[in-house]
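Engineer: Okay, here's the structure, questions in a sec.
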Amino acid sequence: MSERTFNQPLGGNEMPRFGGPATMMRLPAQESAAGLDVAFIGVPFDIGTSNRPGARLAPRQIRDESRMLRPYNVATFAAPFESLQVADIGDVPINTFNLLKSMDIIEEFYDEVLEHNCKPLTLGGDHTIALPILRALKKKYGPIGMVHVDAHADINDHMFGEKIAHGTPFRRAVEEGLLDCNRVVQIGLRGTGYSADEFDWSRDQGFRVVPAEECWHRSLTPLMEEVRAKVAGGPVYISFDVDGLDPAYAPGTGTAEIAGLTVPQGLEIIRGCKGLDIVGGDMVEISPPYDTSGNTALLGANLLFEMLCVMPGVRYDK
């Protein structure tokens with residue numbers, strides 16, 4: 001049998017970093033997930049936002065800021081492009097004017113991706129998109145565990161009377177049986193609220209809730225040992241809202257909250273998922289109009305690469 005060859009990001013010595021294709025990590029583009037182990041997918045959607053818009057522009061900006069990423073992770077020794085077939089399969093053609101129709105379009109798109117046994121890594125988009133993605137994943141895997149990084153629990157029963165918006169996806173996910181609630185962890189929750197029991201609904205479902213205050217001034221490596229024990233035993237999804245990080249590092253987002261996680265802590269969370277049965281992940285709520293330096297999208301691109309590096313089947317050279 002001939003040795004399998006894998007797609008490679010276009011290198012900086014073949015084409016200047018500011019040139020080349022406008023794909024995630026300058027990877028080859030494909031029209032479908034056929035033959036892929038992992039696909040980068042954009043969901044240019046922000047009609048579920050409640051404050052500052054702009055996340056519809058994030059997939060394009062994340063791709064642009066990914067141009068400096070190189071194929072080998074020198075910190076973790078992960079070599080994803082020596083062990084997985086990866087490509088960018090473009091954007092989901094959402095309906096700009098109809099949120100509910102967009103939910104169906106996204107779910108159907110991910111149904112097709114999953115039919116190819118391909119694992120999706122998503123460039124959002126606001127956090128509403130997690131709901132249709134989880135709906136598609138449920139059909140393939142059953143209820144799944146989740147590592148959710150966010151300033152907000154996103155468990156509102158409604159927003160302005162609407163049941164589906166970026167503050168409601170995980171309430172709906174629980175109601176629809178999409179999550180294995182005893183294998184869900186929410187990290188980085190903080191900010192002001194409406195009552196003392198702001199996060200109690202999550203706890204009542206069986207979620208482990210880690211407020212940001214519990215993360216201050218410490219490495220999260222020990223926490224992630226507990227998280228792995230909590231969510232192990234089945235498929236796991238990583239949902240990473242960029243506002244989980246402090247706005248000093250990630251100002252380009254719609255609902256910024258002070259005193260958040262640091263960038264190294266974000267890395268520790270994702271790297272701490274190594275060994276879990278990761279079936280997909282997302283990076284959401286980046287808003288390029290509020291990201292004048294590009295640093296928020298740069299963070300998003302790097303954290304998506306880190307998610308790729310903990311996917312099952314990745315080769316580690318040490």
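Engineer: Dipole size in debye (nearest 20) for the chain around its Cα centre, Lys and Arg Cβ +1, Asp and Glu Cβ -1?
Structural biologist: 660 debye
Engineer: How far apart, in nm, are the 7 Å Cα→Cβ label points at residue 316 and residue 4?
Structural biologist: For the pair residue 316/residue 4, the computed spacing is 2.0 nm.
Engineer: Quote the charge dipole size of segment 156-196 about the Cα centre in Debye, to the nearest 20; the model charges only the Cβ of Lys and Arg (+1) and of Asp and Glu (-1).
Structural biologist: Dipole size: approximately 160 debye.
Engineer: Right, another one. Helix hunt in the chain: which complete DSSP H runs extend at least 18 Å axially by C-alpha with mean Kyte-Doolittle at least 0.0? Mind dumping the intermediate values first?
Structural biologist: Numbers: long enough: 99-115 (24 Å, 0.14); 295-309 (21 Å, 1.21).
The answer, listed by residue number, is 99-115, 295-309.
Engineer: Further, regarding this structure: Quick one: what are the phi-derived ³J(HN,Hα) couplings along segment 13-19, Karplus 6.51/-1.76/1.60 with θ = phi - 60°, whole Hz, x for glycine and proline?
Structural biologist: 3J(HN,Hα) across segment 13-19, in whole Hz: 8, 8, 8, x, 4, 8, x.
Engineer: Separation of segment 257-302 and segment 52-84 by C-alpha centroid, Å?
Structural biologist: 11 Å
Engineer: Hey, got a sec? Which GluC sites (Glu not before Pro) in segment 23-101 land in a DSSP loop and have at most 14 other Cβ atoms within 10 Å?
Structural biologist: Sparse-neighbourhood loop GluC sites (Glu not before Pro): 31.
Engineer: As I understand it, the dipole of the chain uses +1 on the Cβ of Lys and Arg and -1 on the Cβ of Asp and Glu, about the Cα centre. Which of 77, 189, 308 lies farthest toward its positive end?
Structural biologist: Most positive-ward Cα: 77.
Engineer: Report, by chain and number, residues whose modeled amide H sits under 5 Å from the one on residue 91, excluding near sequence neighbours (fewer than 5 apart, same chain).
Structural biologist: 42
Engineer: Within 10 Å of each candidate Cβ there may be at most 14 other Cβ atoms; applying that plus a DSSP loop requirement, which GluC sites (Glu not before Pro) in segment 171-278 survive?
Structural biologist: Listed in order of number, the matching sites are 176.
Engineer: Taking a label point 7 Å from the Cα of residue 72 along the Cα→Cβ vector, which residues of segment 258-280 have an amide N closer than 18 Å to it?
Structural biologist: Nothing falls inside the zone, counting backbone N under 18 Å.
Engineer: Karplus couplings for segment 78-95 from phi (6.51 cos²θ - 1.76 cosθ + 1.60, θ = phi - 60°), rounded to Hz, Gly and Pro as x?
Structural biologist: Whole-Hz 3J(HN,Hα) from phi for segment 78-95: 6, 10, x, 8, 9, 9, 10, 8, 10, 8, 9, 9, x, 10, 6, x, 5, 8.
Engineer: For segment 60-206, build the convex hull from the C-alpha positions and give me its volume per residue in Å³.
Structural biologist: Cα convex hull per residue, to the nearest whole number: 156 Å³.
Engineer: Whose amide H sits under 5 Å from the amide H of residue 180, counting only residues 5 or more places off or on another chain, with H placed in the peptide plane?
Structural biologist: HN-HN under 5 Å from residue 180: 144, 145.
Engineer: In whole Å, what three semi-axes, largest first, describe the equivalent ellipsoid of the chain built from its Cα gyration tensor (square root of 5 times each eigenvalue)?
Structural biologist: 28, 21, 20
Engineer: If exposed means no more than 11 neighbouring beta carbons inside 10 Å and the site is in a DSSP loop, what's the longest run of the chain without any exposed chymotrypsin sites (Phe, Trp or Tyr not before Pro)?
Structural biologist: 195-318
Engineer: So between residue 196 and residue 160, what do we pick up on full extension, going 0.36 nm a residue minus the alpha carbon distance?
Structural biologist: Fully extending the segment from residue 196 to residue 160 adds 10.8 nm.
Engineer: Of 263, 74, 231, which is the most mobile in a GNM of the chain whose springs link Cα atoms less than 10 angstrom apart?
Structural biologist: Highest fluctuation of the listed residues: 74.
Engineer: Quick check: at a probe of 1.4 Å, how many percent of the accessible area of the chain sits on carbon and sulfur atoms? Mind dumping the intermediate values first?
Structural biologist: On the way: 6820 of 13170 Å².
Answer for the chain: carbon and sulfur cover 52 percent of the accessible area.
Engineer: Here is a follow-up. Residue 98 versus residue 249, label points 7 Å from Cα toward the beta carbon: distance in nm?
Structural biologist: For residue 98 paired with residue 249, the spin-label model returns 4.1 nm.
Engineer: Another one. Per DSSP helix of 4 or more residues, -39500 (n - 2.57); summed, then divided by the residues of the chain. What does that give at 222 nm, rounded to the nearest 500?
Structural biologist: -8000 deg cm²/dmol
Engineer: Count neighbours as other Cβ atoms within 10 Å of each site's Cβ, and list the trypsin sites (Lys or Arg not before Pro) in segment 170-273 that are DSSP loop with at most 14 such neighbours.
Structural biologist: 218
Engineer: Using Cα pairs under 8 angstrom and six or more residues apart, how large is the relative contact order of the chain, in percent?
Structural biologist: Relative contact order of the chain: 21 percent.
The values are calculated or read from the model by the stated rules, or taken from the named source; none is laboratory data. Predicted model only: the values in this text are computed from it and were never measured. A quick note on method: Cβ atoms are made from the backbone with ideal geometry, for glycine too, and the neighbour counts reach across all protein chains shown. Accessible surface areas use protein heavy atoms only, side chains included; no ligands, DNA or RNA. Shrake-Rupley method; radii C 1.70, N 1.55, O 1.52, S 1.80 Å.
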